[in-house]
Amino acid sequence: MVDDTLSGMKMMLVICDGMGDRPVAELDDKTPLQYANCPNFDWFAKTGICGIMDTIAPGIPPGSDTAHLALLGNDPFEVYSGRGPFEAFGIGMDVRPGDVILRGNFANVDENRKIVDRRAGRIKEGTSKIAESLNGMEIEGVQILFQEGTEHRAALLLRGEGLSSEIGDTDPHRTGCCPEKAEPRSPSAKKTADVVEEFSKRAQDILKEHPVNKERESQGLLPANYILLRGSGTAPKLISLKEKYGLKSAAVVGVMLVKGVCKALGMETIKVEGATGGVDTDMMAKARTAISALGDHDFVLLHVKACDVYGHDADARKKVETIERLDEMLGYVKDNISNTCVAVTADHSTPVSVRNHSGDPVPLAIVGPGVRVDDVTSYDEISMAKGDLGRIRGKDLLPILLDIVNKSEMYGA
Ligand code: ZN
Ligand code: ZN
């Protein structure tokens with residue numbers, strides 16, 4: 001065991017989703033981080049050890065789920081098996097290793113089973129009642145759990161013997177056609193495909209008569225009379241941060257998928273009033289919550305989504321503005337930490353010129369007692385590459401933080 005007398009130090013990881021970028025013509029060929037006025041980001045660069053990071057591997061555009069798995073100490077190539085399981089964790093389902101999970105949409109089909117709306121008129125209300133009516137079936141000895149997510153989203157969980165996630169989507173991702181049949185992609189997946197088909201049929205019968213749908217029809221709204229399924233995945237066996245590193249950990253995160261990754265790793269997720277997981281989120285409230293969570297946790301993750309959204313929207317100005325808001329949040333973090341090692345980074349780049357995630361490495365600064373401060377003074381993608389951390393992979397970050405706070409274990413004798 002590690003000698004605890006060496007360290008009562010805490011760890012905090014601030015993740016600005018999608019913050020990394022490329023030079024943008026509209027910003028005088030600077031990246032949004034270079035262009036933004038961000039004295040607090042720069043303080044972290046000046047006061048810390050800096051570098052750049054390939055969250056997955058060089059040249060691989062990370063998803064937010066795989067990126068967070070890596071940043072929390074896992075090799076995503078070993079543990080990732082699709083987004084579904086993490087969405088299900090995120091909405092609070094009891095997910096166990098081996099469960100097969102599909103993401104679902106409450107959708108609307110017409111009398112010929114042609115899809116009218118993949119989101120059932122962007123249904124928001126009554127989905128928990130609908131989900132309840134589909135939860136708890138048993139088909140061919142397979143236990144079926146079904147739960148609503150936010151708005152039109154839901155998750156279907158299959159638990160039982162002989163299941164496989166090698167099945168195709170029933171969601172054709174377009175309207176005007178019929179839902180697809182769940183196709184097995186390997187012979188061993190036939191049973192799972194049959195179960196999903198049977199679930200879809202039974203669900204359609206139940207939803208046709210469901211009081212929430214009758215009520216919607218009477219109001220002239222589209223009834224949620226079909227469940228479209230996609231993204232089948234098997235729940236991985238993950239080792240919690242407590243088991244692996246002995247850490248009592250918490251996450252302040254709004255986005256369901258990232259929240260799911262945190263929960264899957266046994267982190268406590270803390271709800272914040274005013275935090276939306278969107279661009280209008282109350283960043284300061286999130287920072288206050290994260291700082292106070294350090295009181296009774298060894299490790300706190302603070303995740304803010306907004307930058308990623310403006311990367312996808314190709315809105316460079318808004319991305320700069322968001323970085324400046326994040327800067328204010330970091331000012332609060334800076335002024336309120338003590339005896340804590342803080343890493344400030346992103347889960348991936350979402351360049352406005354790409355409108356999607358790219359494989360460009362992200363900047364990383366680590367501040368804390370005893371870190372070897374380098375010469376970098378500006379927090380941006382280009383300056384940070386000259387820092388002493390060099391270029392690391394995401395899965396190396398947590399071990400590095402643990403070592404800084406003297407909580408790592410010696411390898412060898
Ligand atoms: Zn992300
Ligand atoms: Zn994104």
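The table below gives the values:
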quantity: Size of electric dipole in segment 353-413: Cβ of Lys, Arg +1 and of Asp, Glu -1, about Cα centre, debye, nearest 20; calculated: 180
quantity: Computed over segment 86-233: relative contact order in percent, which uses C-alpha pairs under 8 Å that are six or more apart; calculated: 31
quantity: Whole-number percent relative contact order across segment 22-83, with pairs defined as alpha carbons under 8 Å at least 6 apart; calculated: 16
quantity: Computed E for Lys114/Arg393 - FRET, C-beta separation, R0 45 angstrom, nearest 0.05; calculated: 0.45
quantity: Part-to-part distance (alpha-carbon centres) for segment 147-179 and segment 234-277, which is given in Å; calculated: 24
quantity: Two-decimal ratio, segment 86-233, of alpha-carbon radius of gyration to 2.2 N^0.38 Å; calculated: 0.98
quantity: Rel. contact order, % - alpha carbon contacts under 8 angstrom, at least six apart, the chain; calculated: 34
quantity: Flagged links, alpha-carbon separation over 26 Å, of Lys10/Lys305; Lys237/Lys386; Lys263/Lys319; Lys114/Lys259; calculated: Lys237/Lys386; Lys263/Lys319; Lys114/Lys259
quantity: FRET E, pair Asp335, Lys271, Förster distance 25 Å, beta-carbon r, rounded to 0.05; calculated: 0.55
quantity: Inter-label distance for Arg202 and Lys181, nm, one decimal - labels placed 7 Å from Cα along Cα-to-Cβ; calculated: 2.0
quantity: Backbone N within segment 79-98 under 13 Å of label point (7 Å from Gln143 Cα along the Cβ vector); calculated: 94-98
quantity: In nm, spacing of pseudo-spin labels at Asn37 and Ser188 (7 Å Cα→C-beta vector); calculated: 6.0
quantity: In degrees, nearest ten, helix 190-208 long axis to first principal axis of the chain (Cα); calculated: 70
quantity: Cβ-derived FRET efficiency at R0 51 Å, Arg317 paired with Arg372, nearest 0.05; calculated: 0.90
quantity: Degrees between helix 394-404 axis and first principal axis of the chain (Cα, 0 to 90, nearest 10); calculated: 40
quantity: Under Karplus coefficients 6.51, -1.76 and 1.60, residue-wise ³J(HN,Hα) of segment 407-413 in Hz, glycine/proline x; calculated: 10, 8, 9, 5, 9, x, 10
quantity: Cross-link partners of Lys181 among aspartates and glutamates (Cα-Cα below 14 Å; sequence separation of 8 or more within a chain); calculated: Glu166, Asp169, Asp171, Asp194, Glu197, Glu198
quantity: Listed residue (Ser200, Val95, Gly121) projecting farthest to the positive dipole end of segment 86-233, Cβ model; calculated: Gly121
quantity: Segment 316-413: chymotrypsin sites (Phe, Trp or Tyr not before Pro) in DSSP loop, at most 16 other beta carbons within 10 Å; calculated: Tyr411
quantity: Calculated log₁₀ intensity ratio I(q)/I(0) where the Debye formula runs over C-alpha points of the chain, q = 0.10, 0.11, 0.12 Å⁻¹; calculated: -0.72, -0.85, -0.97
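Values in this text are rule-based calculations from the coordinates and carry no lab data. Remember, it's a predicted structure, so these values are computed and weren't measured experimentally. As a convention, Cβ positions derive from the backbone with ideal geometry for all residues, glycine included, and neighbour counts pool all protein chains shown.
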